[in-house]
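Heads up: the structure comes next, in structure tokens.
Just so it is clear, none of the values below were taken in a lab; they were calculated from the coordinates. Computed from a predicted structure; not experimentally measured. Reconstructed Cβ throughout: ideal geometry from the backbone, glycine too, with neighbour counts over all protein chains shown.
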């Protein structure tokens, strides 16, 4: 018998993989029958409300919760930060109250008496001299490659500029939080809004003094994570403590303002950059100093990946300075810290091209030899240029038309890893032909549930709905946390391996029973075929298993070619800028993206569209605004924390780059990359339209008007 | 949100009675687009909420021979659809700019006129004037969305009303009723708004226990109008600046022009001289641009909002051009 080899099917043989398959839970989500942690409301569930610090920094001098505890309906109060504790940023939780109704919980919060002694605060992330004066800076390294001074002398074109990206906050539709219910004294059931079903049980068990085996974590649906929901979090543990104290289940979700303030931020970065090129446009020099903040820890975007993607620039100085601010802490935010790196690097490259009087497209193309994947970028750029009609529509910077509204094009490139995470799954085939799988993974809304079903259905020749997917519980085999774009590879590899192993066992049974060769068999359309002829139905084949189901474990990642890593992507933007009001509107965004073998093209494109929309947000309107005067996150509400609405999005064109060479690479993650270069592409398009670089994202009317007034190029 | 009594009167008189109990520590609920947030944030803590949605006399839109009387409970959607208001284009522009279907179907004209400022210091609990230890947080803090005109006193917020500029440019009057059940008074809408020197003054002449029942628009005749709002987002968003213009034209030449800016000062801001500058001239890019310059000539921007002067200037120019259908090439 021929050797049985783990592999994906030949591309042409797939019936499901690579097709547009609507997600399995679409109707459940749209109809509201899908239950999120925020929806769990078992009998007697109490509501929790939070008392948070409102200011820049302070020490708690007095705290009295006695009145709160006596408030009608209040069942439990927990103090996060008591007397003499320092609260160091706006939104820090001081205490939580659980009560029969939300209103009673609010009454309880109001009844808490707290006295603060204000401390000096510093919140201006962009003000490096101010931060130095306030002793809030710290060096985060600097290093050199080649000889920048000599290369600058030899360069034909030199450009210097200032660039930046403001801090943004996580803004999941479903805030952070959980529903905790005790079963007896020692067993805790948690519905947690989490990206990390398999990894959070211990985070509850430790602080609560439980055996980790006695903590059940469930997350069937989650309203967004984006890198901010890997942990149980202090407020999760406190939810369990409140439930214990009250003897009733408690649901504690952060309110919207607190979610914005402490749910995690994406660090800012501001940079002074010098870039230079030879007469042909080959970039020869990069020299940058960047700074920014991640909150009190005082970090900024990584030095090691500056300049972004163009690692091969021969002469390079780079330096980073962190600023410690009294701001909520950072958490991984979709593709950390690539969007900021890209926004700084690719705008600089675009300005260099403008200074040379060259088409930015040509300068990007010429310098692809300094990137990790020149060939893929080149092909993707050609596709993108065609889709946005670059050659016909591009014009020199500042020649965006007569009248107040100018139009322009911009582009940028990005990369990501997307290797497969470590996951184990169980595949179970029942003697009646029913198929199910168990894994402690989670579907963040990316389509993981659907991808799991497709992988097994394709393997067994069944329909997508024939596979029962059991995820979202930590009693299932452990799966990787969903972050870093590692889930699609993380789950599909083990499922394919386990599926094939199970299928081969079934083939052996069929071969023996029907006197056919096992290696002549294939599974398709609910049947087992031999050399194209039906041998038996899938159900009949599974009936050969006897009375017990067949169970196979799948593991990964493995180096068997099912998964891989490393993607390149190109995005292009066509924008209009109203130079009298500073308003920027998106006409069209084009994203060309590779990600190896695509399991479900519909959900893949959907991921890219979602990335573009998040990109439009941080490019045009989304930012955390810290008020220097009060130290507060002054726009922590959805009127002033401005996110795009449907009308702000424009036309999105998503092209998955998938020649056979991509299919042969196996599965690669896609979650992060599509959000990376959107900001830079839009900024470059605005510069192309107006002839002026608006240096800092988001490109609000204020920043656009001020830049146009300054006329800085 | 704290407990409160809820009352649902059927008539103006009954509403006033209910409003004046509890020493008038009461609140009016119409569409609720502002009140609910104020209650949730404890910015208002009334003992009673008086839901006036069932007061029939405040719903109607009627003509009285010299103009149109619009009930304060008229929703934005009603304004957009009512044939008697079809000639008041500057009002329809505001409905369009509001964009949110929810606000358009629930929000009322009276509610818009009484909408409290969106100043983030006010909304974060520092009072209407945004003071801390007597010092203006607005002046020393983040004032990017604050006033560029009329901001030399303690009030530096911007008036939130989106309809007021258009209504004032039309010469609208407002009927204020209460506190006594029979008290009513018509006054020019322009005189309705006040710039408070102390917090207790509020944003309008309304005393506790009073409310707006109707707005009266003069006959539209052959006048033309337009509102231009500078909106960062295509969805629900507050204008960064706005302007409304109502023009009386004689053969394409301006006989009278009334220009009122919004979201630039603690009250709607009438630009008299800018209007004057157009008299005897056609409205075109040049004359409208000059009117815009004049409208903001006295601007006194704060530390971080000079850009709003440019936006207000543009809004005036575009409102004028829009009124004569000459607005082209704006986003």
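Consider all pairwise Cα distances in the range A:401-520 and report the whole-number % of them above 20 Å.
Numbers: 3720 of 7140 pairs.
I get 52 percent for the Cα pairs in the range A:401-520 exceeding 20 Å.
Within the P(r) computed for the range A:579-713, what percentage of the Cα pairs occupies the region above 20 Å?
54 percent
For the range A:308-458, taking Cα atoms only, what is the radius of gyration to one decimal and the Dmax to the nearest whole Å?
22.6, 73
Could you work out the equivalent-ellipsoid semi-axes for the range A:605-681, taking the square root of 5 times each eigenvalue of the Cα gyration tensor, largest first, in whole Å? Let's see the in-between values first.
Working: eigenvalues 230, 40, 16 Å².
Each semi-axis is √(5λ); the values are 34, 14, 9 Å.
What do you get for Rg/Rh of the range A:562-652 when both radii come from the Cα atoms and Rh is the Kirkwood radius?
Working: Rg = 17.0 Å, Rh = 15.6 Å.
With Rg and the Kirkwood Rh in hand, the quotient comes to 1.09.
Report for the protein assembly as shown the percent antiparallel among DSSP-assigned beta bridges with both residues inside it, nearest 5. Display every interim value, and only then the final one.
Numbers: 140 of 179 bridges.
Counting only bridges with both partners in the protein assembly as shown, antiparallel ones make up about 80 percent.
Using only alpha-carbon positions, what ratio does the radius of gyration of the range A:473-580 give when scaled by 2.2 N^0.38 Å?
On the way: Rg = 21.6 Å, N = 108, 2.2 N^0.38 = 13.0 Å.
Expressed relative to 2.2 N^0.38 Å, the Cα Rg reads 1.66.
How would you rank A:389, A:600, going from fewest to most other Cβ atoms within 10 Å of each one's own Cβ? Intermediate values should be presented prior to the final figure.
On the way: A:389 14, A:600 25.
Placing the least packed residue first, the sequence is A:389, A:600.
Report the paramagnetic label zone for residue B:326: residues of the range B:258-289 whose backbone N is under 11 Å from a point 7 Å from Cα along the Cα-to-Cβ axis.
Residues B:281-289 fall inside that zone.
Could you calculate the FRET efficiency of residue A:4 with residue A:602 from 1/(1 + (r/R0)^6), where r is the beta carbon distance between them and R0 is 41 Å, rounded to 0.05? Could the numbers behind the result be given before it?
Values: r = 31 Å, r/R0 = 0.76.
The pair residue A:4/residue A:602 has a calculated efficiency of 0.85.
Determine the distance separating the Cα centre of the range A:399-460 from the Cα centre of the range A:22-73; give it in Å without decimals.
30 Å
With 10 angstrom as the radius, rank A:485, A:213, A:520 by how many other C-beta atoms surround their C-beta, starting from the fewest. Mind showing how you got there, number by number?
Values: A:485 27, A:213 13, A:520 16.
So the ranking, lowest neighbour count to highest, is A:213, A:520, A:485.
Take every Cα-Cα pair in the range B:1-88 and report what % of them are more than 20 Å apart. Mind dumping the intermediate values first?
Values: 1698 of 3828 pairs.
Within the range B:1-88, distances greater than 20 Å cover 44 percent of Cα pairs.
Given that compact globular proteins tend to follow 2.2 N^0.38 Å, what is the ratio of the alpha-carbon Rg of chain B to that value? Present the calculation step by step, with values, prior to reporting the outcome.
On the way: Rg = 19.3 Å, N = 331, 2.2 N^0.38 = 20.0 Å.
Against the compact-globule rule of thumb, the ratio is 0.97.
Output the Cα-based Rg and Dmax of the range A:118-172 in Å, rounding Rg to one decimal and Dmax to a whole number.
Radius of gyration, then largest Cα-Cα span, for the range A:118-172: 17.6, 55 Å.
Using only alpha-carbon positions, what ratio does the radius of gyration of the protein assembly as shown give when scaled by 2.2 N^0.38 Å? Before the final figure, lay out each step's value.
Working: Rg = 31.7 Å, N = 1044, 2.2 N^0.38 = 30.9 Å.
That works out to 1.03 for the protein assembly as shown.
Can you list, bin by bin at 10 Å, the percent of alpha carbon pairs in the range A:489-642, starting at 0?
8, 21, 20, 17, 13, 11, 8, 2, 0
In nm, give the distance between the simple-model label positions of residue A:103 and residue B:184, each being 7 Å from the Cα along the Cα-to-Cβ direction.
3.4 nm
Let me see the P(r) profile for the range A:1-64: every Cα-Cα distance counted, bins of 10 Å, each bin given as a percent of all pairs.
12, 18, 16, 18, 15, 12, 7, 2
Calculate the radius of gyration of the Cα atoms of the range B:201-309 to one decimal place, then report Dmax, the largest Cα-Cα distance, as a whole number, both in Å.
So, for the range B:201-309, Rg and Dmax equal 16.2, 48 Å respectively.
What length, rounded to one decimal in nm, is gained on full extension from residue A:70 through to residue A:33, with 0.36 nm per residue of separation minus their alpha-carbon distance?
On the way: separation 37, 0.36 × 37 = 13.32 nm, distance 3.74 nm.
Here the segment from residue A:70 to residue A:33 would lengthen by 9.6 nm.
Please report the spacing between the Cα centers of the range B:98-176 and the range B:212-238 in Å, no decimals.
Cα centroid to Cα centroid, the span is 16 Å.
Can you bin every Cα-Cα distance in the range B:123-189 into 10 Å intervals starting at zero and give me the percent of pairs per bin, rounded to whole numbers?
The calculated distribution, bin by bin, is 17, 33, 28, 21, 1.
To make sure I understand, if each residue's beta carbon is the centre and we count other beta carbons within 10 Å, what order do A:416, A:235 fall in, fewest to most?
Numbers: A:416 25, A:235 22.
Result, fewest neighbours first: A:235, A:416.
Any number yet on Rg/Rh for the range A:158-316, C-alpha, Kirkwood?
Working: Rg = 22.4 Å, Rh = 18.6 Å.
That ratio is 1.20, to two decimals.
Taking the inverse of the average 1/r across all pairs of different Cα atoms in the range A:132-233, what Kirkwood radius in Å do you get? Each step should come with its number before you reach the end.
On the way: mean 1/r = 0.0542 Å⁻¹.
The answer is 18.4 Å.
Determine one quarter of the surface area of the Cα convex hull of the range B:37-83, which equals its mean projected area, and express it in nm² to one decimal.
On the way: hull surface 19.6 nm².
Dividing the Cα hull surface by four gives the mean projection, 4.9 nm².
With label points built 7 Å along Cα→Cβ from the Cα atoms of residue B:286 and residue B:11, find their separation and express it in nm.
6.2 nm
Let me test this: with uniform point scatterers at the alpha carbons of the range A:426-494, what is the Debye-based log₁₀ I(q)/I(0) at q = 0.13, 0.19, 0.29 1/Å?
-0.33, -0.69, -1.43
Along the three principal axes, how long is the range B:61-171 when you take its alpha carbons, biggest first, rounded to the nearest angstrom?
Largest to smallest, the principal-axis extents are 52, 29, 19 Å.
Report the Cα centroid-to-centroid distance between the range A:651-670 and the range A:321-338 in angstrom, as an integer.
Using only Cα atoms, the two centres lie 30 Å from each other.
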